[in-house]
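A.B. asks: Encoded as structure tokens, here's the structure I'll be asking about.
Where a number appears in this text, it was derived from the coordinates with a stated rule and is not lab data. Computed from a predicted structure; not experimentally measured.
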Amino acid sequence: MEILKGAWTPNVIWCLAAGPRRFSELRLDIPAVSAKVLTARLRGLERKGVVARTVRPTSPPSVEYCLTDLGAELLPAIRAIVDVSHKLKTRNRPADLSGDTEVEVGE
């Protein structure tokens, strides 16, 4: 899926699902992403019609990003990936070492 290509792209789409965000807000939402990479992802998603960029007439001007209708169509797929990830995390969690686990003992 070409649209989701690139590190951080699904994260950007996921964060924009909550509503329009300014660049600085996205940086706070995804602290591990560099400004350079975030800019590249936003520009790429804008070119593909997934994200819309709006310049607000403030002083200084601010830019807001939001998902387009096409971008919103990607959310169920990303949500499914997140859900499976949570299941895998729970499933692969090491056994509780507190003594509360049941252990079968052979005869």
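A.B. asks: Output ³J(HN,Hα) for segment 42-56: one whole-Hz value per residue in order, computed from phi by the Karplus curve 6.51 cos²θ - 1.76 cosθ + 1.60 with θ = phi - 60°, and x for Gly and Pro.
C.D. replies: Taking θ as phi minus 60°, the curve returns 5, 5, x, 5, 5, 4, 7, x, 8, 10, 10, 10, 10, 8, 8 Hz for segment 42-56.
A.B. asks: Stokes-Einstein D for segment 1-56 at 37 °C, 0.692 mPa s, Kirkwood Rh over Cα pairs, in µm²/s? Before the final figure, lay out each step's value.
C.D. replies: On the way: Rh = 11.4 Å.
Estimated diffusion coefficient is 289 µm²/s.
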